[in-house]
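The values are calculated or read from the model by the stated rules, or taken from the named source; none is laboratory data. Quick caveat, the model's predicted, so the values are computed rather than measured. So basically every Cβ, Gly included, is an ideal-geometry build from the backbone, and we count neighbours across all protein chains shown. Heavy atoms of the whole protein, side chains included, go into the accessibility calculation; ligands, DNA and RNA do not. Shrake-Rupley method; radii C 1.70, N 1.55, O 1.52, S 1.80 Å.
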Amino acid sequence: MTIVAVYPFALLYDGLVAEYFRTWPLPLRTLVFPIALAPLLTYAVMPFVSRVLRRWLYPGS
């Protein structure tokens, strides 16, 4: 489930946003990714994906 949720956003980040940070030093570029995506994934994406996959995650419930 995590891969299903994270991969599209990581791909979008790398394709659309990361190019603006190419001139930054590697540690700062690497820091931007979790700061930007962790809250989004935690509070918006993962709850949505959990609801969509609820029958698979909790069979028999």
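Each residue, Ala18 and Tyr43, gets one label point 7 Å from its Cα in the Cβ direction; the gap between the two is 2.5 nm. Solvent-accessible area per residue in the chain equals 81 Å², computed with a 1.4 angstrom probe and all protein chains kept. Look at [x] 13.0; [y] 11.6; [z] 11.9: the one that is Kirkwood radius over Cα pairs in Å derived from this structure is [x].
Take the solvent-accessible surface of the protein heavy atoms, probe 1.4 Å, and return the percent of it on the chain that carbon and sulfur atoms account for. Looking at the chain in its full context, I get 71 percent from C and S. Taking the longest Cα principal axis of the chain as reference, the axis of helix 2-12 is set at about 30 degrees. Roughly what angle does helix 26-40 make with the longest principal axis of the chain, taking Cα atoms, 0 to 90 degrees, to the nearest 10? Compared with the principal axis, the helix lies near 30 degrees.
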